[in-house]
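Report on the following structure.
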Amino acid sequence: MLNVRVTGVVVEDDEILLLNQDTDTGRAWSLPGGKVEAGESLAEALVREMREETGVEVAPGRLLYVCDHLPGNSAHVVHITFEARRTGGVLGEVAAGADTRPIRGVEFVKVDDLPSLGFSERFAGLVRDGFPEAGSYQGAKSNIGL
């Protein structure tokens, strides 16, 4: 079964917007985003997911990368990650029940702290460098360190 998931990268003042919530990787922190619903464009899904999960209104930007996640049981998840710019909203005003996994917190965290939160050094470097290979296919989700 193929699922398409969009995620957003919002970076402001050397900090990145993250969710504190259980993930399928065992890590507590993740990029905000979620499943694209039937009849919804990628941009619409990104705007909706960011608003529901973070309280932040965003404008989608560059396509940063595409990667695969093959968790087993014939599942195939395609992750499409966009740069996003905050345009409004209230940080932390999370839509109750909008996510299947409870959200414990929404924070901007220092990019240099990403490895201590379970992200790879490679991912932290990509964020610091502004995703120099934006728009590229990265292969398996593990290749980018998510």
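The values are calculated or read from the model by the stated rules, or taken from the named source; none is laboratory data. The shown structure was predicted, so the numbers you read here are calculated from the model rather than taken from an experiment. Glycine also receives a Cβ, built like all others from the backbone with ideal geometry; neighbour counts cover every protein chain displayed. Side chains included, ligands, DNA and RNA excluded: accessible areas come from the protein's heavy atoms. Shrake-Rupley method; radii C 1.70, N 1.55, O 1.52, S 1.80 Å.
Using a probe radius of 1.4 angstrom, the carbon and sulfur fraction of the accessible surface of the chain is 50%.
Couplings for the stretch 4-14, taken from phi via the Karplus curve 6.51 cos²θ - 1.76 cosθ + 1.60 with θ = phi - 60°, read 10, 10, 10, 9, x, 10, 10, 10, 9, 6, 6 Hz in order; Gly and Pro are left as x. These residues, Ile16, Ile80, Ile103, go from largest to smallest accessible area, 1.4 Å probe, as Ile103, Ile80, Ile16. Given 4 °C and 1.567 mPa s, compute D for the stretch 28-86 with the Stokes-Einstein relation, Rh being the Kirkwood radius over Cα pairs; round to the nearest whole µm²/s. Roughly 105 µm²/s, to the nearest whole number.
The label-point distance for Asp14 and Lys110, in a model that sets each label 7 Å from Cα toward Cβ, rounds to 0.8 nm.
Scanning residues 5 or more positions from Glu15 or on other chains, those with amide H under 5 Å from its amide H are Val111, with H placed 1.01 Å from N in the peptide plane.
Ordered from highest to lowest accessible area with the whole protein assembly present and a 1.4 Å probe, Met50, Met1 read as Met1, Met50. Take the chain with all the other protein chains still there, run a 1.4 Å probe, and you get 50 Å² of accessible area per residue.
A straight chain from Arg101 to Ala75 at 0.36 nm per residue would run longer than the Cα-Cα distance by 7.5 nm.
In the chain, the convex hull through the Cα atoms has an average projected area of 8.1 nm², a quarter of its surface area. Computed on the stretch 89-136, the Cα convex hull volume stands at 141 Å³ per residue. Karplus-derived 3J(HN,Hα) values for the stretch 62-73, using 6.51 cos²θ - 1.76 cosθ + 1.60 with θ = phi - 60°, are 4, 6, 8, 6, 10, 9, 9, 9, 10, x, x, 6 Hz; glycine and proline are entered as x. 3J(HN,Hα) along the stretch 108-117: 8, 10, 4, 4, 5, 8, 3, x, 6, 9 Hz, from the Karplus curve 6.51 cos²θ - 1.76 cosθ + 1.60 with θ = phi - 60°, whole Hz, x for Gly and Pro. The 1.4 Å probe gives accessible areas that order Leu117, Leu18, Leu42, largest first, as Leu42, Leu117, Leu18. Search the structure for amide H atoms under 5 Å from the amide H of Arg62, placed 1.01 Å from N in the peptide plane, and list their residues when 5 or more places away or on another chain. For Arg62, whose amide H was placed from the backbone, the distant partners under 5 Å are Glu83. Applying 1/(1 + (r/R0)^6) with r as the Cβ-Cβ distance of Arg122 and Glu44 and R0 = 25 angstrom yields a FRET efficiency of 0.25.
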